[in-house]
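For reference, the structure discussed in these notes is given below.
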Amino acid sequence: MKKDIEIPVVENVYIAVIKEWNEEFLAQNWNSYIINDQDIPIEMVLVVTKGYDQDRRTSLLRHNIGTVEAKSFAKIELLQEELFSMNNEFSVTFFADGKLYDRKYVFRENTINERAFRDIPVMETRGVLVK
């Protein structure tokens, strides 16, 4: 029975954390994004986020993103710098090509920082990326 279950592999969908200027608050903010670098849209995107370490846990936050078009991205949430000392986990579930996909992306503690910046696909900016 288990051998008959196909679990599709998530490819070309990433989570990135970008440091951006916020005009409203006149400050630099860290925001997380889901990036769809596929040639097809991903639909019914649901992202569940949490932070944790050995002693602490944050609340679970659920984000209904909807559809992320091909070669595009969508903002997930604002991240407070106090959370960077914890593991930050993003559980992503979506439909594409008539199949259900699910994957966990984890930013390990202290990996979200400006020294870890790299080019972010699709967004044409720099930030921290988990593939």
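Of note:
- Annotation for region 86-131: GluC sites (Glu not before Pro) lying in DSSP loop with at most 15 further Cβ atoms inside 10 Å of their Cβ are Glu124.
- On a per residue basis, the chain carries 63 Å² of accessible surface, using protein heavy atoms and a 1.4 Å probe.
- Here is the list for region 12-49: GluC sites (Glu not before Pro) lying in DSSP coil, each with at most 11 other C-beta atoms within 10 angstrom of its C-beta, are Glu23, Glu24.
- Net charge of neighbours whose Cβ lies under 12 Å from the Cβ of Val92, counting Lys and Arg as +1 and Asp and Glu as -1: +1
- Under the shape rule built on the C-alpha gyration tensor, where the axes satisfy a ≥ b ≥ c, region 54-131 is oblate, since a/c reaches at least 1.5 while a/b does not exceed b/c.
- Largest to smallest in accessible area, the residues Ser85, Ser59, Ser91 fall in the order Ser59, Ser85, Ser91 (1.4 Å probe, all protein chains included).
- By accessible area with a 1.4 Å probe, ligands and nucleic acids excluded, highest first: order of Asp102, Asp53: Asp102, Asp53
- Taking Lys and Arg as +1 and Asp and Glu as -1, the other residues whose beta-carbon sits under 14 Å from that of Ile42 total -4.
- Compared with the alpha-carbon gap, the fully stretched path from Leu100 to Lys75 is longer by 6.9 nm at 0.36 nm per residue.
- Dividing the convex hull volume of the alpha carbon atoms of the chain by its residue count gives 133 Å³ per residue.
- Charge tally for Thr58 (other residues, Cβ to Cβ under 15 Å; Lys, Arg +1; Asp, Glu -1): -3.
- Simple spin-label estimate for Glu23 and Thr125 gives 1.3 nm between the two label positions (7 Å along the Cα-to-Cβ direction from each Cα).
The values are calculated or read from the model by the stated rules, or taken from the named source; none is laboratory data. In this text the structure is predicted, and so the values were computed from the model without any measurement. Virtual Cβ from ideal backbone geometry, glycine too; neighbours counted across all protein chains shown. For accessibility, only protein heavy atoms count, side chains too; no ligands or nucleic acids. Shrake-Rupley method; radii C 1.70, N 1.55, O 1.52, S 1.80 Å.
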